[in-house]
Amino acid sequence: MELTELALVGPEDGVLELVLRGGKKNALTEIGHRELALVWPALSERKDVRVVLIRGEGADFSAGGDFALIERMRADWRVRARVWKEARDLVVNLLEFPRPVVAAIHGAAAGAGLAAALLADIPLAATDARLLDAHPRLGLAAGDHAALVWPMLVGLARAKYHLLLNEPIRGEEAARIGLVARAYPPEQLLPAAREIARRLAEGSPSALSWTKHALNGWLRMALPIFDASLALEFLGFTGPDLAEGLASFRERRPPRFEDEPPF
């Protein structure tokens, strides 16, 4: 698979590094979002890959989808329908990817980038990383992974607190509450992630793959919740709150959502 906004480094000793790159803070464009959804079936065909390590290029992991993609989704029904399918594929393809995935989360992590990070089998974070599901801040339901993963990792009450209030979580706190597996000082994150990936690459491929498949059964049971959240997120692209959310981000001010509740 030819990639534009993702880079593949390696594999070295069975560990392939999948690097998010592209726009400001590695925000995903329309191309990058599609690539992050479709790369997993392609990688599953490679026998030289035993483990995948996801990281961002430069200071940040990924700031999510860029505003140009969001604007096209607002304006074009066909783009919105296609990206809905890609957003679902991103989650399901990661769940079904047969080999271990490690994520090294550093800097800003939001949106689809955060989805890939938290769906990794072993998500690791720098202590000063900033994890945020920014959908409600934009006027959208938190649909691309959060309703599926966060309650299972941190409990329903804590998930609602962070998602409804749009409250960011630093990497150290994310490890403390179980949103990620461990947190490391920034300079130690990537060496630690590579060491963990190396250890996984030395393990029994069948034992690791089947253990992962069994454990992900918990997430498969919750896929109807994910589908509902994703549908509600994309319903929000047709409403008035998204325009105000985008404007407030661009103008660096709090949003003023004045639309009456629809029900």
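Nothing in this text is a laboratory measurement; each read-out follows from the coordinates by a stated rule. Note that the structure is predicted; figures quoted are calculated from it, not measured. For neighbour counting, all protein chains shown are included, and Cβ atoms are generated from backbone atoms with ideal geometry for every residue, glycine included.
In terms of other Cβ atoms within 10 Å, Phe257, Phe234, Phe226 run from fewest to most in the order Phe257, Phe234, Phe226.
How far is helix 223-236 tilted, in degrees, relative to the longest principal axis of the Cα atoms in the chain, given as a value from 0 to 90 rounded to the nearest 10? The angle comes out at about 40 degrees.
Can you tell me the relative contact order of the chain? Whole percent, Cα pairs under 8 Å, sequence separation 6 or more. It comes to 19 percent, rounded to a whole number.
For region 133-190, which trypsin sites (Lys or Arg not before Pro) are both in a DSSP coil and crowded by at most 14 other Cβ atoms within 10 Å? Counting only loop positions with at most 14 other Cβ atoms within 10 Å, none of the trypsin sites (Lys or Arg not before Pro) in region 133-190 qualifies. Using the Karplus relation 6.51 cos²θ - 1.76 cosθ + 1.60 with θ = phi - 60°, the per-residue 3J(HN,Hα) values for region 170-179 come to 6, x, 4, 5, 4, 5, 4, 8, x, 6 Hz, with x marking Gly and Pro.
The phi-based Karplus calculation (6.51 cos²θ - 1.76 cosθ + 1.60; θ = phi - 60°) puts the 3J(HN,Hα) values of region 115-125 at 4, 4, 5, 7, 8, 4, 5, 10, x, 10, 9 Hz, whole numbers, x for Gly and Pro. DSSP beta bridges fully contained in the chain are about 25 percent antiparallel. Computed from backbone phi with θ = phi - 60° and the Karplus coefficients 6.51, -1.76 and 1.60, the 3J(HN,Hα) list for region 88-102 is 5, 4, 4, 6, 5, 5, 5, 4, 8, 4, x, 10, x, 10, 10 Hz; x is used for glycine and proline. The trypsin sites (Lys or Arg not before Pro) of region 209-258 that DSSP puts in a loop, and whose beta carbon has at most 15 other beta carbons within 10 Å, are Arg252, Arg256. Once the Cβ-Cβ distance of Arg250 and Glu202 is raised to the sixth power relative to R0 = 45 Å, the FRET efficiency obtained is 0.40. Ranked by how many other Cβ atoms sit within 10 Å of their own Cβ, fewest first, the residues Ile177, Ile196 fall in the order Ile177, Ile196.
Using the Cβ-Cβ distance between Glu187 and Arg80 with R0 set to 35 Å, the FRET efficiency works out to roughly 0.25. Here the Gaussian network model covers the chain, with springs between Cα atoms less than 10 Å apart; of Ala125, Ala112, Ala207, Ala207 fluctuates the most. Between rounded, prolate and oblate, where does the chain land on the alpha carbon gyration tensor, with a ≥ b ≥ c its root eigenvalues, rounded for a/c under 1.5, else prolate if a/b exceeds b/c? Taking the square roots of the gyration eigenvalues as a ≥ b ≥ c, the chain is prolate.
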